[in-house]
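Here's the structure we're looking at; comments come further down.
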Amino acid sequence: MPLYRFFIFVLISLTVAACDSDSAQQTLKQQQLNISGQISYRERIAIPDKSQLIIKLENITSAQKNGETIAEKTISLGNRQVPLDFQLQVFKDQLNKDENYALRASIQDKDGELLWTTDELHLIPVDTDQVSLGVLNLMKIEEPENDNNHIVMFQCGEQQIKTVIKNESMQLKMNDDLYLLFQVPTASGAKYQSKDKLVSFWNKGHQGILTIADMSWSHCTVVNQDQVEQLPFRAQGHEPEWSLSATYDQVIMTWDEGQKQSVLAETELNTYHTGFELKAYSDTRYIKVETLATLCRDDMSGLPYPYQVSVRLDNLDFHGCGGHSRDLLVGQEWVIQDLNKRGVIDFSRLTMSFDDQGRLSGFTSCNQYSTAYEFNERLDIASAITTQKVCPVAIMNQEKLFLSILADVESLDISINGALILKTADGRTITARR
């Protein structure tokens with residue numbers, strides 16, 4: 001091929017490739033919804049070093065889908081300060097034009113503590129390519145210590161909410177979501193509503209109704225701290241087979257291999273330093289549930305539970321275990337004493353801290369690590385993210401061994417002397433104590 005023809009061929013090829021690339025980029029843009037804005041807050045104080053900005057797009061169509069995360073972006077702030085620009089891209093095939101979505105922004109410190117968050121719903125239309133939200137002013141999270149503040153907790157279905165009333169405004173918190181509401185006229189009771197009228201809460205006496213966009217919880221009931229801490233509660237046992245489910249307003253007891261069931265309301269909860277007692281009534285039945293906060297092992301599966309449970313239903317007696325095995329993990333830090341029966345290096349320190357939000361973090365003797373965990377029928381721990389410090393070879397090898405076992409853990413056990421034993425399917429173990 002003559003040289004000039006070769007150059008023409010190359011030029012045409014590059015032009016076609018560039019066109020294809022531009023076409024691909026254009027197609028990608030058409031498939032995405034781009035959400036942008038700027039984060040700020042009113043306080044004239046600095047963001048703590050190493051904090052994170054978290055941007056989430058959530059489905060708020062129904063109570064069942066409330067809080068379902070569609071897209072999320074975490075931005076490490078280092079020593080950056082407000083105002084902070086953000087962008088979040090979402091593929092449109094993740095969105096349904098018949099559902100509602102809202103963007104939530106929050107700032108957390110390096111330990112995951114919530115510092116600032118949005119206090120309004122920022123609805124996102126899905127029939128466009130670009131959404132610019134402008135400046136989002138976040139609210140600072142502060143514990144209400146003023147005696148003039150009136151704090152009441154409600155149970156709305158499976159959701160717990162905390163309301164703080166001060167003068168004619170209400171701060172309503174659901175999980176990590178925070179809303180600022182203002183009192184509006186109503187025929188009876190008290191009603192509070194956000195400025196955009198998308199969030200409202202009405203209550204009279206011990207009852208309330210919560211509305212967020214198209215979602216509604218029509219049965220909210222005042223609960224106390226003991227009920228929040230202890231309920232809902234589940235228990236089960238064998239010989240005979242039985243199960244119990246207790247919420248703030250009812251107890252459901254099933255026995256005789258599922259053939260018999262009784263639902264009792266009018267619950268009464270009493271707590272003690274050794275456990276708690278729950279009573280419930282119906283027109284024809286009475287139930288008394290007594291728990292003892294001590295290790296209980298299921299007769300069939302061998303799985304450990306945090307409570308021994310005795311149930312008296314009329315003249316019938318049942319015994320078994322209650323609570324959730326996950327509760328044995330959370331709380332005080334665990335210090336690792338053995339890795340797969342090899343011990344640990346003298347004066348090295350490996351730790352695990354499980355929280356009730358599904359987060360696990362600790363120290364590997366060299367680096368800090370964090371990950372997520374789930375506990376349903378089995379314990380699932382995701383691969384950990386660590387800092388990148390370099391330590392002596394022996395310590396680094398120990399870190400590698402620990403993290404490899406941790407990622408494969410499937411079950412837990414508590415020994416007779418209180419040690420936590422995490423096990424993999426092939427028998428490797430992590431042993432820790434408090």
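The values are calculated or read from the model by the stated rules, or taken from the named source; none is laboratory data. The shown structure was predicted, so the numbers you read here are calculated from the model rather than taken from an experiment. Here the Cβ is made from the backbone with ideal geometry for all residues, glycine too, and neighbour counts use every protein chain on show. The accessibility values were calculated without ligands, DNA or RNA, using every heavy atom of the protein model including side chains. Shrake-Rupley method; radii C 1.70, N 1.55, O 1.52, S 1.80 Å.
Here are some notes:
- Index of the failed condition, GLN250 passing every other in (1) open to solvent by less than 50 Å² (accessible area, probe 1.4 Å); (2) under 26 Å from the mean Cα position of the chain (by Cα); (3) of a type outside the set (D, E, K, R): (1)
- Considering THR294, THR271, the condition of being among the β-branched types (Val, Ile, Thr), more than 19 Å from LEU329 (Cβ to Cβ) and open to solvent by 40 Å² or more (accessible area, probe 1.4 Å) is satisfied by THR271 alone.
- Candidate set: the range 403-434, residues that are part of a loop (DSSP other than H, G, I, E, B) and not hydrophobic (A, V, I, L, M, F, W, C); chosen: the one nearest to the chain's Cα centre (by Cα): ASP408
- The residues listed here are ASP93, ASP98; of these, the one that is in a helix (DSSP H, G or I) and either basic (Lys, Arg) or farther than 20 Å from LYS204 by Cα (or both) is ASP93.
- Looking across the range 159-189 at every residue that is open to solvent by 70 Å² or more (accessible area, probe 1.4 Å) and touching a residue at least 60 places away in the same chain (Cβ under 8 Å), the one that is nearest to THR117 (Cα to Cα) is identified as ASP176.
- The set of residues in the range 357-379 being out of contact with any Asp or Glu (no Cβ under 7 Å at 6 or more places or on another chain) and either surrounded by fewer than 18 Cβ atoms within 10 Å (Cβ to Cβ) or in the same structural domain as LEU114 (by the TED database) (or both) consists of GLN357, ARG359, GLN368, SER370, ALA372, ASN376, GLU377.
- Extreme residue, surrounded by the fewest Cβ atoms within 10 Å (Cβ to Cβ), among residues of the range 309-338 that are assigned to a strand (DSSP E or B) and without any contact (Cβ under 8 Å) to a residue 24 or more places away in the chain: ASP317
- Taking the range 275-293 as the range and being among the hydroxyl-bearing types (Ser, Thr, Tyr) and out of contact with any strand residue (DSSP E or B) (no Cβ under 6 Å at 6 or more places or on another chain) as the test, the residues that pass are THR284, TYR286.
- Selected residue [assigned to a strand (DSSP E or B), among the β-branched types (Val, Ile, Thr) and either in contact with a His (Cβ under 6 Å, 6 or more places away or on another chain) or open to solvent by less than 80 Å² (accessible area, probe 1.4 Å) (or both)] from VAL152, VAL82, VAL126: VAL152
- Assessment of the range 191-200 against the conditions (at negative phi, aliphatic (A, V, I, L, M) and surrounded by 14 or more Cβ atoms within 10 Å (Cβ to Cβ)) yields at least one matching residue.
- Criterion applied to LYS97, LYS92, LYS110 was being among the charged types (D, E, K, R) and over 26 Å from SER62 (Cα atoms), and the one residue passing it is LYS110.
- Taking first residues from the range 339-367 that are free of Cβ contacts under 8 Å to residues at least 24 places away in the same chain and partners that are part of a loop (DSSP other than H, G, I, E, B) and not acidic (Asp, Glu), the Cβ contacts under 7 Å between residues at least 6 apart in sequence or on separate chains come to ARG349/SER365; PHE363/ARG349; PHE363/LEU350.
- Some residue of the range 332-342 being at positive phi and out of contact with any Leu (no Cβ under 9 Å at 6 or more places or on another chain): yes
- Count - residues of the range 102-122 that are under 14 Å from ILE75 (Cβ atoms), part of a loop (DSSP other than H, G, I, E, B) and open to solvent by less than 30 Å² (accessible area, probe 1.4 Å): 0
- One residue stands out in the range 151-167 among those that are polar (S, T, N, Q) and within 18 Å of SER194 (Cα to Cα): the one that is modelled with the lowest pLDDT, namely ASN167.
- Test set (1) assigned to a loop (DSSP other than H, G, I, E, B); (2) modelled with pLDDT of 95 or more - LYS341 fails condition number: (2)
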